[in-house]
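No value in this document is a laboratory result; all are computed from the given coordinates. Just so we're clear, the structure is a prediction, and the values are computed from it rather than from any experiment. Glycine also receives a Cβ, built like all others from the backbone with ideal geometry; neighbour counts cover every protein chain displayed.
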Amino acid sequence: MPSDNNESKDEKLTPAENQVKGFSQQFAMAMELPFIIVAAVIVGGLAGYFLDRWLHTTPVLMLVFGGLGFVAGLRDVLSRAKKGSDGGKVA
């Protein structure tokens, strides 16, 4: 079974291939990031909604957990964008 060593493959790429690879990685990240925020808000809102129904409260928990989901999604998007701009290097 061949090794998935990406470093040896990167050494053989031409500058044009490197540019295409960089563009495709940025495009993939740009397509993924909006779904992260939306999914976090939906998960948080649904958790709050079901807690509101279980506790027989007003939709306060839905708003609180939806807001927390938005903050968590935004934090995740910013950390992924930082990793993407650093070339995947973790400082």
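Most tightly packed first, judged by the mean number of other beta-carbon atoms within 10 Å of their residues, the peptides 73-80, 41-48 read 41-48, 73-80. Placing a label point 7 Å from the Cα of Ile36 along the Cα-to-Cβ direction, the residues of segment 52-73 with a backbone N closer than 17 Å are 68-73.
Temperature 25 °C, viscosity 0.890 mPa s: under these conditions the Stokes-Einstein estimate for segment 27-82, based on its Kirkwood radius over C-alpha pairs, is 212 µm² per second.
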